[in-house]
Amino acid sequence: MGSHILDRLRARGIPCALLLRETSSRRFIEAHLSEVEILPGAITDPASLRRALRGITRVIHCAGATRALNRGEFFEINHLGARNVVAAVNASATVDRLLLISSLAVAGPAGVDRPAREADPPRPLSVYGQSKLAGELEVTSGCRKEFVVVRPPAVYGPRDKGFFSMFQAVARHVLPRPSATQQLSLVYGPDLADAAVRCLAESAPGRTYFVCSAERVTARQMADEIARQMKVWTVPCPLPAGLLWPICAGAELMGRMTGKPTLLNRQKFAELRAPGWVCDGSRLERELGVTCPTTLRQGIAETLSWYRRADWL
């Protein structure tokens, strides 16, 4: 998401500085590097954060861990990282606003009959969601400057690796058949970036916003749309709930053996079997006039085109 947000900021001619680790990939921001200031550091290094915020007026905190080998790793990045950012923002003489990119995982599961709304009490199912909630609380209870929290659902689009495996499977003539009943809110990456920049500039301080497409879909509909647009023959591969648990457990075990965390694990299984992950983005539209207009069909087309241009497929 950082690269999409940077695209939008630079398109508006807004001067930017980037906090980057030595190991951070520059692949998707390479075109902007000559126009921005690079600040070495990390959200786990408080001293580097304080140095980086000298002269900065507004901060977008979009760093986070979506996969980890254990609970501690999630909380080190998503919770303590947010605490360090808040402390540096509070200590800065120039920063006047902080925007945090959080997650629908904080709110917990919700169906189309009662989508998650900003005023609902948080009910995270996973350690990931718990760690993101802890990060939110650092901002909402500890930030002494203006702040805004943005909660997207699952994000897809160009440059995304999370949903890429679904495209890969279809390219190999395998059609995943996950739940046809679990309703999902999604957001197209560039739409989320547009909304984040608008929230940074225009929203009332202290607000939390869900940012999502108004369209509700299932993972099965997404797989079907990918297959339709790729125009390849496929063999259906049913993924019933009973099969998902050993898949998630096996992926977690493999991650521990290799030292490389995977997106699938036993915590993720609880989210995969939830009745739905649906949120209500009407507050954002009502207060700022911001919508996420890209439909699933349009988003899949743009994403597929990007994957092909980038030689990922």
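Restricting everything to alpha-carbon atoms, can you work out Rg to Rh for the stretch 12-113 with a Kirkwood hydrodynamic radius?
On the way: Rg = 15.3 Å, Rh = 15.2 Å.
Rg divided by Rh gives 1.01.
Could you give each residue of the stretch 24-39 its phi-based ³J(HN,Hα) in whole Hz, using Karplus coefficients 6.51, -1.76, 1.60 with θ = phi - 60°, and x for Gly or Pro?
Taking θ as phi minus 60°, the curve returns 5, 5, 9, 4, 8, 10, 4, 5, 9, 4, 6, 10, 10, 9, 9, 10 Hz for the stretch 24-39.
Assuming R0 = 41 Å, what is the FRET efficiency of Ile14 and Phe164, from their Cβ-Cβ distance, to the nearest 0.05? Intermediate results must be reported in sequence, preceding the final value.
Details: r = 30 Å, r/R0 = 0.73.
Once the sixth-power term is evaluated, E becomes 0.85.
What's the angle, to the nearest 10 degrees (0 to 90), between helix 219-230's Cα axis and the longest principal axis of the chain?
Rounded to the nearest ten degrees, it is 80.
Note the direction-averaged projected area, equal to a quarter of the hull surface, for the Cα convex hull of the stretch 86-219, in nm². Show your work: numbers first, answer last.
Values: hull surface 38.2 nm².
Value for the stretch 86-219: 9.5 nm².
What per residue convex hull volume, in Å³, do the alpha-carbon atoms of the stretch 179-248 yield? Can you show the working numbers first?
Details: hull volume 9.9 nm³, N = 70.
Each residue corresponds to 141 Å³ of Cα convex hull volume.
What list of ³J(HN,Hα) values in whole Hz, one per residue of the stretch 125-131 in order, does the Karplus curve 6.51 cos²θ - 1.76 cosθ + 1.60 (θ = phi - 60°) give from phi, with Gly and Pro shown as x?
Running phi through 6.51 cos²θ - 1.76 cosθ + 1.60 with θ = phi - 60° gives 8, 10, 4, 4, x, 5, 5 Hz.
Under 5 Å between amide H atoms, partner at least 5 residues away or on a different chain: which partners does Cys237 have, H built in plane at 1.01 Å?
It is Leu175, Arg177, by chain and number.
Rg to Rh ratio, the stretch 64-162, alpha-carbon atoms and Kirkwood radius? Walk me through the numbers before you get to the answer.
On the way: Rg = 14.3 Å, Rh = 14.4 Å.
Taking Rh as the inverse mean 1/r over Cα pairs, Rg/Rh reads 0.99.
Between Asp96 and Thr181, take the C-beta separation as r, use R0 = 45 Å, and let me know the FRET efficiency to the nearest 0.05. The partial results should precede the final answer.
Numbers: r = 46 Å, r/R0 = 1.01.
Computed FRET efficiency for Asp96 and Thr181 comes out at 0.50.
Note the angle between two axes, namely the Cα long axis of helix 2-11 and the longest principal axis of the Cα atoms of the chain, as a number of degrees from 0 to 90, rounded to the nearest 10.
60
Given a 1.4 Å probe and the protein chains all in place, what does the accessible area of Trp312 round to, in Å² to the nearest 10?
Trp312 exposes around 50 Å² with every protein chain in place.
Which of the following values of log10 I(q)/I(0) by the Debye sum over Cα atoms at q = 0.07, 0.12, 0.13, 0.14 Å⁻¹ was calculated from the structure shown: (i) -0.29, -0.82, -0.94, -1.06; (ii) -0.44, -0.94, -1.01, -1.08; (iii) -0.27, -0.84, -1.00, -1.17?
The value computed from this structure is option (iii).
Show me the three semi-axes of the equivalent ellipsoid for the stretch 214-253, from the C-alpha gyration tensor (sqrt of 5 times each eigenvalue), largest first, rounded to whole Å. Don't skip to the end; give the middle numbers.
Details: eigenvalues 118, 45, 17 Å².
Equivalent-ellipsoid dimensions as semi-axes: 24, 15, 9 Å.
Tell me, in nm to one decimal, what length is gained between Val235 and Asp311 on full extension, where the rule is 0.36 nm per residue of separation less the Cα-Cα distance?
Numbers: separation 76, 0.36 × 76 = 27.36 nm, distance 2.38 nm.
Extra length from Val235 to Asp311 when fully extended: 25.0 nm.
What accessible area, in Å² to the nearest ten, does a 1.4 Å probe give for Thr303?
Rounded to the nearest 10, that gives 0 Å².
Give me the accessible area per residue for the stretch 186-313, probe 1.4 Å, as a whole number in Å².
Values: 6380 Å² over 128 residues.
I get 50 Å² per residue for the stretch 186-313.
Please give me, ordered by residue number, the GluC sites (Glu not before Pro) of the stretch 1-110 that lie in loop per DSSP and have at most 15 other Cβ atoms within 10 Å. Before the final figure, lay out each step's value.
On the way: sites: Glu22, Glu30, Glu35, Glu37, Glu73, Glu76; in loops: Glu22.
Qualifying residues, ordered by number: Glu22.
Tell me the accessible surface of Val174 in square angstrom (1.4 angstrom probe, heavy atoms of protein chains only), to the nearest ten.
Solvent-accessible area, nearest 10 Å²: 60 Å².
For the Cα atoms of the chain, what angle does the longest principal axis make with the long axis of helix 81-91, in degrees from 0 to 90, nearest 10?
So the inclination is approximately 20 degrees.
The values are calculated or read from the model by the stated rules, or taken from the named source; none is laboratory data. Quantities reported herein were computed from a predicted structural model and do not represent experimental measurements. No Cβ is skipped: glycine too gets one built from the backbone with ideal geometry, and neighbour counts run over all protein chains shown. Heads up: the accessible areas ignore ligands, DNA and RNA and are worked out on the full protein's heavy atoms, side chains in. Shrake-Rupley method; radii C 1.70, N 1.55, O 1.52, S 1.80 Å.
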